[in-house]
1. Given the criteria part of a helix (DSSP H, G or I) and without any contact (Cβ under 8 Å) to a residue 40 or more places away in the chain, does G401 qualify?
2. Does the stretch 78-95 hold any residues that are assigned to a helix (DSSP H, G or I) and basic (K, R), and which are they?
3. Go through the stretch 613-631 and count every residue that is exposed (fewer than 15 other Cβ atoms within 10 Å of the Cβ) and either free of Cβ contacts under 8 Å to residues at least 40 places away in the same chain or part of a loop (DSSP other than H, G, I, E, B) (or both).
4. List the number of the failed condition for I558; all other conditions in (1) of a type outside the set (S, T, Y); (2) surrounded by fewer than 18 Cβ atoms within 10 Å (Cβ to Cβ); (3) at pLDDT 85 or above hold.
5. When you go through A98, A112, A75, A13 one by one, which is the residue that is outside any helix (DSSP H, G or I) and aliphatic (A, V, I, L, M)?
6. For the stretch 591-602, check the following and say yes or no: at least one residue is part of a loop (DSSP other than H, G, I, E, B), over 22 Å from L35 (Cα atoms) and assigned by TED's automatic domain parsing to the domain that holds L189.
Amino acid sequence: MRKELWFGFSLMAIIVIAVIAFTPWGNLTNGHLGLIMLALIVVTIMLGFPTAFTLMGMGVFFSWLAYRSVNPDLAVSQVLDLMVQRAYGVMRNDVLIAVPLFVFMGYLVERAALIDRLFKSLHLALARVPGSLAVATTVTCAVFATASGIIGAVVTLMGLLALPPMLRAGYNVSVSAGCITAGGTLGILIPPSVLLIVYGATAGVSVVQLYAGAFFPGMMLAALYVGYIIILAKLRPGLMPPLPESERRVELPPLSRTLAGRGRNAFAGLLRALVVSSAGVSKRVALVQLLVTLMPALAIAAVLGVTYRAATAPAVEVEVIPSGLIGVPLEVKETGLIGAAPAEPEGPGIKEPQAEGAQELAPPPGAQEASSEATNGKPAAGDPAEPSPVPGWLWAVLACGAGAILFIYGLWSWERLEVFKMLLTSFFPLAILILGVLGSIVLGFATPTEAAAVGAFGGCVLAAVYRFVAHWSAAGSGGGSRGSAFIRTVKEFGAIVKESSFLTAKTSAMVCWLFVGSAIFSAAFALLGGQDVVEKWVLSMDLTPIQFMILAQFIIFILGWPLEWTEIIVIFMPIFIPLLPHFEIDPLFFGLLVALNLQTAFLSPPVAMAAFYLKGVAPPHVTLNQIFAGMMPFMGIQVIAMVLLYLFPGIGLWLPSVFYSR
């Protein structure tokens, strides 16, 4: 029998023996039935039963037991009412609409032939970095995860694209497999993560704030991965040997070859070709190439300009008006996903309480207008808006920006120009889509559902454009008439949309049925009083907030071995969330730690779904043991990232605090 089966059966035996040994069978209460239900659900899922229907079946049976203990005659009708109410409650959750839209966007991007172009361009751009192929693989996984959030798709596609080149270059099998599996799981944490949507819907936390909070921890984890790969390649170059010169060489087009003979610097060569007439070089073509070359400088200049304007903006003084003049400001509270709760109307005879001695005064003429202008950040009439003095740090930032421009164009060779153009056609369209979707969510321009719809439309556009460009280029190089490129694009785009829609429906149905099953299961657990038993047990240990956080994350880490993240979120988060207020733990911060922790569910044996995704597309000589061995160091890096996030919570909470008043 395989080792993972032995591990699974041993774990199930431990759970069953613990239930039999510690359950007070002579004094069995409903609370104990709830704990038995929790243990049984873990065992049945590990046996391979469908999670959603197992949750529903267990929930219905134990709900019937709970209602039967109160009124046997009404037990069946009450259980049926509970099922309908819980299913309808899930259907009314508006935020779940974002799940199929984000999934659809991810499948479209996967099939738009973007990722292979991105990997090739990053491979050439990072050719001189130690472990360049592994670094390019991790960066590509991070970008793809940001665009899709579908772990299986990222690992599978990168296994097809990156694993064969790494093995041909002499890379160690375990290191190569570890880079792909660890990089592929970044989609759990980096927005638009489906896990964050599921956690937000389960815990009642705003998905917008979860997305803003998860951005920097995700980037930190990706940076830790890249740092580990570079250090390992420097210390043990035999594991990731440098690429031969043939793999680093970039084919130059005729214009670049003509101008490269007169100087290696592309920026100076294009300027010279624009000013001085050269044989075989069109000034119009040289101007276009020069504009492409100037894009990095323009981007840096734009960032510096925005920074300068923000740092020297006029200081706005908000005048505080006494409450007797304009009333008490309203306090707006968020209720998480659906929106703010409507204000309750005042009943007859109910008045806003006033401070002692306050008088009801009519606002003087112009007071309301002056107050609104001050509140909106506009200076009152007659007060000139003077710019703030330039802070000292701004000069340092401007100097660094100018130095970066000089450094870039001092090393701007013709090869680097071609690599930049490859990035321009592969990375930047995807980056614009990602920034458009996530930026509109974080900045408050759109809800997650609206942004997901825009992202799905953008994925359709990218898929159509890139397929058309590929067919047009093939026709221009002798692969057929260019008139047929449009027809072939329409046929392929229809097939892409059809396949993506089918996969989206399959994934979304799984998530929604999980929510229905989880809702019924949670109701049964609450009816039996299982939550009260867990709370009393935890509170009886008299834990500090730090100890509770360590205990909760350790339990989630252990659960990540036999279970997937979906089961952990929908089954166990409703148990942990009610305990957070007692320990004064922010549910948003707890969710970020959980998302970071649950990446282990894809990297920890024996389940380790990322390993099985990669094994399905890897060459036959790559074994599961080699893949597992490659994942272990990255699991250690995840633990380090969790410690850093806990010690420095601003990594996750700074961005939400900047954009939102929580």
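1. Spelling it out, it is not the case that G401 is part of a helix (DSSP H, G or I) and without any contact (Cβ under 8 Å) to a residue 40 or more places away in the chain.
2. R86
3. 5
4. Result: I558 fails condition (3) only.
5. One residue alone meets the criteria, A112.
6. Yes; the residues of the stretch 591-602 include at least one that is part of a loop (DSSP other than H, G, I, E, B), over 22 Å from L35 (Cα atoms) and assigned by TED's automatic domain parsing to the domain that holds L189.
Okay, residues lined up against (1) loosely packed, with under 12 Cβ neighbours inside 10 Å; (2) assigned by TED's automatic domain parsing to the domain that holds R111; (3) at pLDDT below 80:
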| residue | (1), (2), (3) |
| --- | --- |
| Q354 | no, no, yes |
| E360 | yes, no, yes |
| P363 | no, no, yes |
| A380 | no, no, yes |
| D383 | yes, no, yes |
| W414 | no, no, no |
| P429 | no, yes, no |
| I432 | no, yes, no |
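Let's see how each residue does on (1) in contact with a Cys (Cβ under 7 Å, 6 or more places away or on another chain); (2) crowded, with 19+ Cβ neighbours inside 10 Å; (3) modelled with pLDDT of 85 or more:
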position: F468; (1), (2), (3): no, no, no
position: G479; (1), (2), (3): no, no, no
position: G483; (1), (2), (3): no, no, no
position: A495; (1), (2), (3): no, no, yes
position: T504; (1), (2), (3): no, yes, yes
position: T507; (1), (2), (3): no, yes, no
position: M510; (1), (2), (3): no, no, no
position: L514; (1), (2), (3): no, yes, no
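The values are calculated or read from the model by the stated rules, or taken from the named source; none is laboratory data. Here the structure is a predicted model, which means the values were calculated and not measured. Neighbour counts are summed over all protein chains in view; Cβ atoms, including those assigned to glycine, are modelled from backbone coordinates with ideal geometry.
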